[in-house]
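Scroll down for the structure; my scribbles are underneath it.
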Amino acid sequence: MTASRYDIVTIGGGLGASALARAMAERGAKVLVLEQERRFRDRVRGEYVCPWGVTEAKELGILDLLRRNCAGELPWTDLGFGPRNLLETTPQQLPGLSFSHPEMQEALLAAAEAVGAEVRRGVTVERIETGQQPVVVAAADGHTERIAARLIVAADGRGSQARKWGGFTLEKNAQPFLFAGVLLTDVSARQDMGVFIFNSDLGTIGVVIPQGKARYRAYLGYPTTVDYRLQGSEKLGLFFSESAKVAPVFAEFHAASTSDPSFGQGMSLTLRDVRVLRDELLHNSDWDQAGHRYAEQHDAYFHNCHTATVWFRQIFQEQSPEAALRRQRALPLITEDLTRVPDHIFSGPEMPLDDSVRSRFFGES
Ligand SMILES: Cc1cc2nc3c(=O)[nH]c(=O)nc-3n(C[C@H](O)[C@H](O)[C@H](O)COP(=O)(O)OP(=O)(O)OC[C@H]3O[C@@H](n4cnc5c(N)ncnc54)[C@H](O)[C@@H]3O)c2cc1C
């Protein structure tokens, strides 16, 4: 057992941890990143960053780095109403961005190291000790180490153990949908557009996102009420046949299974979290207070993103007699005037979100 002291230790080396490590090490903090994977494999964890997340990447000083190393621009999107130019129709006037998730992780960890962060791979955090002198207990190659830090950042992903160790309450909404994703290689198709199309009759959503180098990620989101589960490579045929039912475009593109509760905004939210936490830590020498101020802001913008995605589900995906009535009222009006659809997913949580926005979307005004 040895002991050493850092300003910040991150549990995990994904987008959140590596972006924060780079931002804080660049400003002189002593940062240690502990990542259990020695080599990142492809996993279904998203490749698309919407324009409001691209602004966050720019604010964090990593946009050019991503562009140079792994990311391509997607100025176009199609939600099933025809191609939309994001450069002309979002407040940010920015495109979406897409990359292979493991390539992005490698690029950001290397960037964090380049500005002085220490990155250790193949190290698994086993527990933390909270209090005035927080400590991370980490294991690698049969050796256990206690590492003291002024701040421990739990950035260990959606199955986070650290949030349990830290005593955080986990709030979970009912999530009656599942997402399955496959990586398609050697596909020749449009490289500058992300496609996200709902089929309200089936309660499904099909998604295709280019990742560069002729690779695409295809997703199918489906209600848990169906009598199949898309898990494992033997379900690939079913994945394609069910995707083809969503819209004809998906038949032309010829697994892991889990759920992304935020309709492709997860990485944008992560980048916002990093930027807000960075700013609070840099402007407040009391890091306990800084952490609480970050949490308050997080709750406010997360609430907006979450509310907008729940509305999307209620209009486009939910399968019930009430939902069918809702659609009967809303869809003809939306088809006539697309500005009735709240644009938080692309334009960000600062877009207005009040009763009048909801009534216009639901066709109640
Ligand atoms: C199916 C699916 C699709 C998605 N699609 C999108 C999308 O298109 N766009 C989008 O914006 N978001 C998407 N997301 C959300 C996105 O994946 C997350 O927002 C993002 O990965 C969060 O980054 P993170 O760094 O917090 O966590 P992660 O990327 O999960 O990184 C956590 C890291 O911690 C490491 N780790 C875990 N436990 C330990 C431990 N005990 N010790 C050491 N290391 C540890 C892991 O190995 C991992 O590298 C999707 C999510 C899912 C599940």
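The values are calculated or read from the model by the stated rules, or taken from the named source; none is laboratory data. Given the structure is predicted, the values throughout are model-derived calculations rather than measurements. Glycine gets a Cβ as well: all are built from the backbone with ideal geometry, and neighbour counts include every protein chain shown. Accessible surface is based on the protein model in full, side chains and every heavy atom, while ligands, DNA and RNA are left aside. Shrake-Rupley method; radii C 1.70, N 1.55, O 1.52, S 1.80 Å.
Kindly evaluate Glu350 against the criterion of being surrounded by fewer than 16 Cβ atoms within 10 Å (Cβ to Cβ) and more than 21 Å from Asn199 (Cα to Cα). Taking the combined requirement at face value, the residue satisfies it. Taking residues in segment 216-232 that are β-branched (Val, Ile, Thr), and partners anywhere that are within 12 Å of the ligand (Cβ to nearest atom) and part of a strand (DSSP E or B), the pairs with Cβ atoms closer than 8 Å and at least 6 places apart or on different chains are Thr224/Phe177; Thr224/Leu178. Listed conditions (1) near the ligand (Cβ under 10 Å from one of its atoms); (2) open to solvent by 10 Å² or more (accessible area, probe 1.4 Å); (3) of a type outside the set (Phe, Trp, Tyr) are all met by Thr10, apart from (2). Checking the structure you have, find out if any residue of segment 111-118 is at pLDDT 95 or above, more than 24 Å from the chain's Cα centre (by Cα) and part of a strand (DSSP E or B). There is at least one residue in segment 111-118 that is at pLDDT 95 or above, more than 24 Å from the chain's Cα centre (by Cα) and part of a strand (DSSP E or B). Evaluated against (1) in a loop (DSSP other than H, G, I, E, B); (2) buried (at least 17 other Cβ atoms within 10 Å of the Cβ), Ile345 falls short on exactly one condition, (1).
How about segment 22-81: which strands (runs of 3 or more DSSP E) wholly inside it have at least 1 residues that are surrounded by 21 or more Cβ atoms within 10 Å (Cβ to Cβ), away from the ligand (no atom under 11 Å from the Cβ) and more than 17 Å from the chain's Cα centre (by Cα)? If you could, list the steps in order and put the result at the bottom.
Values: elements: 31-35, 72-74, 76-78.
The strands (runs of 3 or more DSSP E) meeting that bar are 31-35, 76-78.
Listed by first and then second residue, the pairs with beta-carbon distance under 8 Å, at least 6 apart or on different chains, first residue in segment 92-109 and within 17 Å of Ala17 (Cα to Cα), second basic (Lys, Arg), are His101/Arg43; His101/Arg45; Pro102/Arg41; Pro102/Arg43; Leu108/Arg22.
Please determine whether any residue of segment 337-344 is closer than 29 Å to Val54 by Cβ, out of contact with any strand residue (DSSP E or B) (no Cβ under 9 Å at 6 or more places or on another chain) and of a type in the set (A, V, I, L, M, F, W, C). Show your work before the answer.
Within segment 337-344, the first condition is being closer than 29 Å to Val54 by Cβ, and the residues that meet it are 337-344.
If we keep only those that are out of contact with any strand residue (DSSP E or B) (no Cβ under 9 Å at 6 or more places or on another chain) as well, we get 337, 339-344.
Cutting the leftovers down to of a type in the set (A, V, I, L, M, F, W, C) gives us 341.
Looking for residues that are closer than 29 Å to Val54 by Cβ, out of contact with any strand residue (DSSP E or B) (no Cβ under 9 Å at 6 or more places or on another chain) and of a type in the set (A, V, I, L, M, F, W, C), one finds at least one in segment 337-344, hence yes.
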